[in-house]
Amino acid sequence: MKTELFPTADQVAAGAAAYLEHQIRETLAHQPSYSLAISGGRTPWEMLKILSKADLPWQRVNLFQVDERVAPDGHADRNLTQLFQAIAGTPMVTQLRIFPMPVLAEDLEEGCREYIKVLDEVTEGKGLDLIHLGLGSDGHTASLVPGDGVLEVQDRLVACTQNLYQGRIRMTLTYPLLNSAKQLLWIVTGSEKQEMIQRLLQQDPSIPAGSIRQENALLMVDQAAMEG
């Protein structure tokens, strides 16, 4: 996949924001809406802070979640909580169409089915224009975590982890949906990612991230993650 190397994590965030702004603007010139899914992480939240300053028609942008922890509304563990903190005080808050994963549903499996139904309705069956992914130091991406049965899910586009991961059950987009994305944007920063970056680039199937297709994918990475 195409790779862009930046000196620092902050420059990755700025580069990713500029890239997303360009993609949204170009796409909205010839279609009525733009749909993307965002993962969590420090650098992605910085990216969103920068992107929120862009003069874009946010009411035409649909934002979905790549994954979410099963935790109460407003909890610091929730990606949604961090997302709203990143865009606080900007037009994004009132104009952006945000579709949270229903992690408080009484029946999480039904919640997964409902989320993909909403995604299909909002995108009119055309799917996501872009999915943003991160990379864990254990090789996970989205909430496709090592050793969990969610890695084997091929018949559902959204599923929950079968085991606790870092203390939480998680809802996540699965391989079939991730691998059907029109575009993928990987954002990876930090020296603890050095080994996994190399395994990702080699499409190592022994890590969850290695099974993501690399066509139409762009990796934005800082120097610390690429050294070693």
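Maximal additional length on extending the Asp55-Asp10 stretch stands at 14.1 nm, based on 0.36 nm per residue less the C-alpha distance. Between Lys126 and Gln223, take the C-beta separation as r, use R0 = 30 Å, and let me know the FRET efficiency to the nearest 0.05. Computed FRET efficiency for Lys126 and Gln223: 0.20. If a spin label sat at a point 7 angstrom from the Cα of Lys182 along the line to its beta carbon, the backbone N atoms of region 14-45 nearer than 16 Å would be those of 20-38.
Phi-derived couplings, Karplus 6.51 cos²θ - 1.76 cosθ + 1.60 at θ = phi - 60°, listed residue by residue for region 2-11: 5, 10, 10, 9, 10, x, 9, 5, 4, 6 Hz, with x used for Gly and Pro. Semi-axes of the equivalent ellipsoid for region 115-219, computed as √(5λ) from the eigenvalues of its C-alpha gyration tensor and ordered from largest down, come to 22, 18, 11 Å. Its alpha carbons give region 76-133 an Rg and a Dmax of 13.2, 34 Å.
The region of the chain that goes longest without hitting one of the GluC sites (Glu not before Pro) in a DSSP loop, each with at most 11 other Cβ atoms within 10 Å, is 1-105. Accessible surface calculations at 1.4 Å, restricted to protein heavy atoms, place the chain at 44 Å² per residue. Each 5 Å bin from zero up to the one holding the largest Cα-Cα distance in region 1-133 carries the following percent of pairs: 2, 10, 18, 23, 20, 15, 8, 3, 0, 0. By accessible area, using a 1.4 Å probe on protein heavy atoms only, region 101-218 has 45% of its surface on carbon and sulfur.
Candidate cross-link partners of Lys53 among the aspartates and glutamates, defined by an alpha-carbon separation under 19 Å and a same-chain spacing of 8 or more, comprise Asp10, Glu21, Glu26. Across the protein chains, with a 1.4 Å probe defining accessible surface, the residues Asp204, Asp77 rank Asp77, Asp204 from largest area downward. Enclosing the Cα atoms of the chain in their convex hull gives a volume equal to 116 cubic angstrom per residue.
Scaling against 2.2 N^0.38 Å puts the C-alpha radius of gyration of region 167-228 at 1.19.
The values are calculated or read from the model by the stated rules, or taken from the named source; none is laboratory data. Computed from a predicted model, the values in this text were never measured in an experiment. For neighbour counting, all protein chains shown are included, and Cβ atoms are generated from backbone atoms with ideal geometry for every residue, glycine included. Protein only, heavy atoms only, side chains kept; ligands, DNA and RNA dropped before computing areas. Shrake-Rupley method; radii C 1.70, N 1.55, O 1.52, S 1.80 Å.
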